[in-house]
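Below: one structure, written as structure tokens.
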Amino acid sequence: MTQFGSAELVSDYGDFGRPQALREALQDAPRLFVSPDGRYLLVWLDLPRRLLSFPHLPASPPRPQPGDYLEHSWPAPSPPLVGLLFPQSPGQAWSMALVWENGRAEVWAPPRGPADPSWTLLRSVELCQGPRARVVSACCCHGDELLWCEERTTANLLTYCLCRRSLRVSGRRVTPGAMTIVLHHSPPYHVLESAGRVFMVPRSTGHHPLLVYAPAEALVTLAGLAAGVLHSKALGEADADYKKLILECAGAAADFQIRHAAAGGPEGLLVATAAGRIHLLHGDGTARLVYDLGEDLGAEAQIKMALSGDALVCAVDSRLYLVDVRSGRLATKQDLDGGEVLLIDAPEGGEDVRLMTKVGVYQGGRGAGRSGMAEAALLDMVYEEACKYYQRRSLSSAKLTAQSLKENGMFQAPIALAAILRRKSEAGRYAELLGNVDNELQSFLSLERLKSRAAGAPRPDVARCCDELVDLELTRLLQADPDRDGLAYINSLFRTFPESAWASVRNNFQFQQNGDGELVVRATADLWKKVLSPLPPSASENGVHPLFEVICQSLCAHKPKWLPGFVQHAQECSGLYRNFTPTKEHGEGAPPLYKRALSVLNKRKDNTNVELEVEILLCSGRPQAVIQAIHTLIRLRRWPRVMEETRRYSQLNPLIKKDIFITLLVEFVQHRQLDSYVPQLCDLCPEDLTATDILRIVLQNMPKTPAVPPPPFSADSGKHFTMGLLKPLLNKALQRQLRRDESFPTFPPAAPQRTNKAAGDGEDLSPPDIYATKAL
């Protein structure tokens, strides 16, 4: 992953022509464009309706000429501008096309030398055929071809279609091609070109899918952010109908609400949903989640997105996010001056990200002189690691320092290694070694710079510096192998900076919430190994908690509803990676993860959330834990939930089914709150439980009769237990037993005992029930 530092202001637009006019134009919330050759910055102002060009000043002459400045305006009666495009014909230089809402397109050529010293309007072209047509959005595809979404009025009904037409430019001559319709009867779409594909984003709030159109193959793909490819079809003149296309994948409704979409260069399309999730839609219709802004994206916030190599550059109002697209990990979060942000594409293989805001150009990344800084940092790291190692092995109480290692020459290993590195650096052959420790060096340098910045920061910026510092420290500790000192440091960070540590945990483990409100963890296997590793010996003596308990404590404090999901994810990973389980030397009989999470929950003084305890027990999936959870629900009299969870888990384990059935049967005898659940109770009856067993349980748990019997017509006479309530259950048990007896007959069959004498406490049993019981 490319390591990005904090973005720094490197220019106040002094390197553009007429910088003061540019600063004034940027105050009106414009849309910004950069010409394909990077020579011009184009500023599109909706109000007032103007288009301005500002040439980038070269390092050496020639200087910009008056003709390099374009000032084009269109007064209020004119239709609004809907697209600024850069078509480029094969073998020709680029040109600029302005597309208006009424279907008119103006083709402009930039200054190209003494023969063409200024911006020149080459031709105006009518894209649409009907006079009442209206262009909704437009983009370039296949170099010099324009594709647009067009609104048409037919029999007082609004319909939309997707059209394409070429504008071939040769010198000063513009030759428009014939217009063809790509798709009829479509909803309104916003079209964007990226990665050789045209991505069509629905503009309405209806449940319409995303479309990906490949112009070369005339292939259209219907896609969703969660479902991926829904349908794909090659379009012809006969079947270029959106309604027919949708019918072929009926029932596949869109699963998202789009907040913003932007071209992602060769990778595809960036899509931000209303919930703040940023997805990357590829040209083949597949999509994946890149980052979740979550609560950082407010309802009124303005969002800008772009891709630069492996980095997602996202600006929410004035806050900048740099995210590694491959891992989804946040690399930098920083507040910038100015809301509108435009990404200036870095050169091929470049490492810097350049951003434009209203106040100037920002640059973030690895600055000049990196080699010298890296070399010095690498030598310092050698001495610091050696100092830590020798201090641990030293029998002396004297404090060792890196400076003492360098000066007294007692420890030859770090001195020899430093000399080797220095010789290699002088010979210019340490690039391979630096490549091996590049990430560690960048982390080390970023940490040192941040510490220096935090020491001299004003009071309002101290909290933000602490957040970044804690994130860097925890990230560094989680990447290293866990040891006693590292765990102690992690514990102290969570105690001292709980909010910052929680934000870092969400970032490192990629805690996200799906559409159902459930936790999704996209942590790597190496991170799970750190979480599930046992506590090093003697670490618990100093009050150091394992990483699993530390994260559970943070979840309890900030997102308690995510704790059961985290425990479930941890259990799944512990089953996948057997080498994560404790070994004999670390204590083989360690408690299961759900018990460790419950111990964290029970230690909290404000632990009143019994529902959370139940969820942790249920998500563990262990029979005893499930039984304990259902017993807790029974104690709380949550009967619908009791029946639901019992029905779910009784199918997985007969032990759960039998235990819960007996418990519910006892409850059924004690009170009348379960009378309406008799059918469910019958379904839960285990196969090996006979009617005799049921009666024995009932008789042993009958409530004690009052000393004075109630009058025959008292108000609470209907609350007493009668054997008639058990009739459906007993009948089911008897029928099941009769079927088993028929399968294994005896010769001759035993005659039933006929007696009317009651047995035990069964005075209230009816004669048929007594006969059946005696027969068993």
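So here's what we get for this one:
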{"read-out": "Conditions (1) of a type outside the set (Phe, Trp, Tyr); (2) at pLDDT below 65; (3) at negative phi; (4) open to solvent by less than 60 Å² (accessible area, probe 1.4 Å): number failed by GLY365", "value": "(3)"}
{"read-out": "Single residue of ALA115, ALA97, ALA93, ALA105 found to be in contact (Cβ under 8 Å) with a residue 12 or more places away in the chain and either closer than 23 Å to ALA21 by Cα or surrounded by fewer than 19 Cβ atoms within 10 Å (Cβ to Cβ) (or both)", "value": "ALA93"}
{"read-out": "Scope the range 265-299; condition under 11 Å from VAL325 (Cα atoms) and modelled with pLDDT under 85; matching residues", "value": "GLU267"}
{"read-out": "Residue in the range 156-169 that is over 34 Å from the mean Cα position of the chain (by Cα), in contact (Cβ under 8 Å) with a residue 60 or more places away in the chain and open to solvent by 20 Å² or more (accessible area, probe 1.4 Å) present", "value": "yes"}
{"read-out": "Subset of the range 39-89 [charged (D, E, K, R) and part of a strand (DSSP E or B)]", "value": "ARG50, GLU71"}
{"read-out": "Hits in the range 672-707 (condition: over 18 Å from ARG739 (Cα atoms), part of a helix (DSSP H, G or I) and open to solvent by 30 Å² or more (accessible area, probe 1.4 Å))", "value": "ASP675, SER676, TYR677, PRO679, GLN680, ARG696, LEU699, GLN700"}
{"read-out": "Some residue of the range 56-65 being open to solvent by less than 40 Å² (accessible area, probe 1.4 Å), within 20 Å of THR120 (Cα to Cα), in contact with a Leu (Cβ under 6 Å, 6 or more places away or on another chain) and of a type outside the set (Lys, Arg)", "value": "no"}
{"read-out": "Breaking point among (1) at negative phi; (2) surrounded by fewer than 20 Cβ atoms within 10 Å (Cβ to Cβ), for GLY143", "value": "(1)"}
{"read-out": "Selected residue (criterion: most open to solvent (accessible area, probe 1.4 Å)) from residues of the range 322-342 that are under 22 Å from GLN363 (Cβ atoms) and touching a Phe, Trp or Tyr at 6+ places or on another chain (Cβ under 7 Å)", "value": "LYS333"}
{"read-out": "Output for the range 264-275, where each listed residue is surrounded by fewer than 19 Cβ atoms within 10 Å (Cβ to Cβ), in contact with a strand residue (DSSP E or B) (Cβ under 6 Å, 6 or more places away or on another chain) and farther than 15 Å from ARG203 by Cα", "value": "GLY265"}
{"read-out": "Residue check, HIS184 out of contact with any Leu (no Cβ under 6 Å at 6 or more places or on another chain), assigned to a strand (DSSP E or B) and open to solvent by 10 Å² or more (accessible area, probe 1.4 Å)", "value": "yes"}
{"read-out": "Matching residues in the range 187-205 - criterion: being in a loop (DSSP other than H, G, I, E, B) and touching a residue at least 24 places away in the same chain (Cβ under 8 Å)", "value": "PRO187, PRO188, ALA195, GLY196, ARG203, THR205"}
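The values are calculated or read from the model by the stated rules, or taken from the named source; none is laboratory data. Computed from a predicted model, the values in this text were never measured in an experiment. A quick note on method: Cβ atoms are made from the backbone with ideal geometry, for glycine too, and the neighbour counts reach across all protein chains shown. Please note that ligands, DNA and RNA were not included when accessible areas were found on the heavy atoms of the full protein model with its side chains. Shrake-Rupley method; radii C 1.70, N 1.55, O 1.52, S 1.80 Å.
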